[in-house]
Amino acid sequence: MRSLAVRAGWWVLSVGTMVGLWELAAALDLINTVILPPPRVFIREIENQAQFLLPQIGVQRIGGNFVALTAIWASFLRIVSGLALAFIAAVLLGSLAFSLRVFHKLTYPVITLLAPIAPVAWIPFALVAFGIGDGAAIFVVFVGIFFVLELAAVNSMKNVDQHYIDTARVLGASRRQVMWHVIFPAILPNLFVIMRVNLFGAWMGVLTAEMVGVNTGLGTIVLVGRQMMNMNLTFLGMAMIGIVGYLLDAGLGLLQRRVLWWKSVAHV
Amino acid sequence: MGEIVCTNVTKVWGVGTTREVAALENVSFSVRHGEFVVVIGPSGCGKSTLLMLLSGLEMPTGGTITYNGEPITGPDADRSLIFQQPSLFPWRSTIDNVAFGLQLRGVPRKERRQQAEKFLRQVGLREFANKHPHELSGGMQQRAAIARALCLGADVLLMDEPFAALDVQTRFHMQSFLLDIWLGSGKTVVFVTHHIDEAAYLADRVVIFTARPGRLLDSVDIDMPRPRNVISPDFERYRALFVERLRSEVTRAFQEQELAEMLDTRIK
């Protein structure tokens, strides 16, 4: 309990110092507050949105007003759907590649070739293929994480401690039972680590897609703020991007500790 | 029933590759129903390979192994294998680990948990039923692994240095514990160790293997009433016999290993 208080104290001190210096510089007229509005000012921007805090998906573009909550919700839903789809697909194809050598040999070179393409580079294609909207943004998250996750899944499956597999087989497990009761739980913690490491890349992909074409969500807020020279809006968007990104990572971390508390028994 | 007969068993690992290793050569011996056989030999003499073959996880490259008169074609819950490394699944609670084999057979949750609890009580782990393996000591984990084998009604316990990773106190405790479980149970035990005292303390009969490739060197009946006194002259005599039997083999194995390493460095 005490260590928690100490950590919270340092957190407040750290953030407080940054905000304080920023506000001080603004008060002393050391910075241009049109370009760099202090937090006190740009956070007030959210009040202008209050009337629009409606459960609509996407952002209503009415003059300079952007609905904050719905923008957060839109971006959040995109990244979570993208992650979930990538996870399911990676586990399915990974299992297939793990059990069928031919399939692995056939797909491995292609996947290693596609994996290094940055998610952002897929955006133009995604916009053409899926049109403007959720589909394109979800696709960008998906490709940003799927290939890496599939490779990690196959690799982790190959490296599951043989003793666990042998034990299950001696106890009478069929191939399918070994897969379901041993290999899946054994690699889950690993897959979550990979997801967490690649989370910010995927988050970046969503935001960029929202800036260059999807036209709704947090990325759009930041961009519109720039177009209208309303830095209050841009910084409000940035603050929300930071907070949502932080919460996503914290959420995955919590899931990892609560649900997947055991260490991976695959040695990767 | 639990009779095992090995006839001219040979096992070569990596057949057809450049890393062919003969682990067992022409091994013939049998284990009677209800017998406690301990296998000793220099490290790398194929003791663990023998257990893999007896469990059915691996097939011999030559010769035959029968169990109750039938050739062994694959793993069977009747012959349970217990490893040195803890092989409890870290994502399952102790009771769910013990009940795992029953789960594989489709026994309903309530019923299999009742059954598992019975065996947990027998190994003195009832209060730990809902703990996870990492909360158990090494000795407790091995006791749970034994309970898991018993829960499926295994007639044969194949044990691969199960107590080697434990400290001396716990090891001694576990040896008595195993004898308690075994005495009067009618179960057959094939127990591999490199620990001479352990062999003399536990076995009805000690089977001694040569250095690689493992061949049968000797088979010694231990004619001492249980519980055995480890500081009695009788015990001392068996110990001396095993030391003498093994010494020449260990020296040979050591020399061969050094020679192999020398050759390896040459080639490099």
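The values are calculated or read from the model by the stated rules, or taken from the named source; none is laboratory data. Fair warning: this is a prediction, and the values are worked out from it, not measured in the lab. Cβ atoms come from the backbone with ideal geometry, glycine included; neighbour counts cover every protein chain shown. SASA here: full protein model, heavy atoms, side chains in, ligands and nucleic acids out. Shrake-Rupley method; radii C 1.70, N 1.55, O 1.52, S 1.80 Å.
When the residues A:87, A:130, A:146 are ordered by accessible surface, computed with a 1.4 Å probe over the protein chains alone, the sequence from largest down reads A:130, A:87, A:146. Classify chain B: rounded, prolate or oblate, from the alpha-carbon gyration tensor (a ≥ b ≥ c, eigenvalue square roots; a/c under 1.5 rounded; otherwise prolate if a/b is larger than b/c)? In terms of gyration-tensor shape, prolate.
A Förster radius of 35 Å, combined with the Cβ-Cβ distance separating residue A:155 from residue A:11, puts the computed FRET efficiency at roughly 0.45.
In this structure, the residue pairs whose Cα-Cα separation is over 19 Å, taken from A:105/A:263; A:105/A:158; B:131/B:187; A:263/B:118, are A:105/A:263; B:131/B:187; A:263/B:118. Accessible surface for residue A:179 stands near 30 Å², nearest 10, in the context of the full protein assembly shown (1.4 Å probe).
Mean per-residue shielding of peptide B:98-107 is 3, counting Cβ atoms of other chains within 10 Å of each Cβ.
Take the Cβ atoms of residue A:226 and residue A:89, set R0 to 45 Å, and the FRET efficiency comes out at 0.80. Dividing the mean sequence gap of close Cα pairs (under 8 Å, 6+ apart) by how many residues chain A holds gives a relative contact order of 23 percent. Each stretch of four or more DSSP H residues adds -39500 (n - 2.57); spread over every residue of chain A, this sum gives -24500 deg cm²/dmol at 222 nm. Counting heavy atoms of the protein chains alone, residue A:73 has an accessible area of about 120 Å² for a 1.4 Å probe.
For residue A:35, the solvent-accessible surface with a 1.4 Å probe is about 90 Å², rounded to the nearest 10.
Indicate the gyration tensor shape class of segment B:1-112 (rounded, prolate or oblate), computed on the Cα atoms with a ≥ b ≥ c the square roots of the eigenvalues: a/c under 1.5 is rounded; otherwise a/b larger than b/c is prolate and the rest oblate. Prolate, since a/c reaches 1.5 and a/b exceeds b/c.
Look at the stretch A:169-179: the mean tally of other chain Cβ atoms within 10 Å of its residues' Cβ atoms is 6. Spacing of the modelled spin labels on residue B:256 and residue B:180, each 7 Å from Cα toward Cβ, amounts to 4.1 nm. Counting only DSSP H runs of at least 4 residues, each contributing -39500 (n - 2.57), and dividing by the residue count of chain B, the helix-based mean residue ellipticity at 222 nm comes to -12500 deg cm²/dmol.
Counting only other chain Cβ atoms within 10 Å of each residue's Cβ, the peptide B:87-95 averages 5.
So what is the diffusion coefficient of segment A:42-259 in µm² per second by Stokes-Einstein at 37 °C and 0.692 mPa s, using a Kirkwood Rh over Cα pairs? It diffuses with D of about 174 µm²/s by this estimate. Estimated at 0.36 nm per residue, the fully extended path between residue A:29 and residue A:247 surpasses their Cα-Cα distance by 75.1 nm.
Expressed as an acute angle from 0 to 90° and rounded to the nearest 10, what is the orientation of the C-alpha long axis of helix A:39-49 relative to the principal long axis of chain A? Around 80 degrees separate the two axes.
With a Förster radius of 35 Å applied to the beta-carbon distance between residue A:255 and residue B:109, the computed FRET efficiency rounds to 0.90. Distance between the pseudo-spin-label points of residue A:262 and residue A:1 (7 Å out from Cα toward the beta carbon): 3.4 nm. Which of the lysines could a cross-linker bridge to residue B:47, judged by Cα under 19 Å and excluding same-chain residues fewer than eight apart? Once the sequence-local lysines are set aside, what remains near residue B:47 is B:11. Spin-label model, residue B:8/residue A:175: points 7 Å from Cα along the beta carbon direction are separated by 3.3 nm. With Cα atoms as the point set, the radius of gyration and Dmax of the protein assembly as shown evaluate to 31.9, 100 Å.
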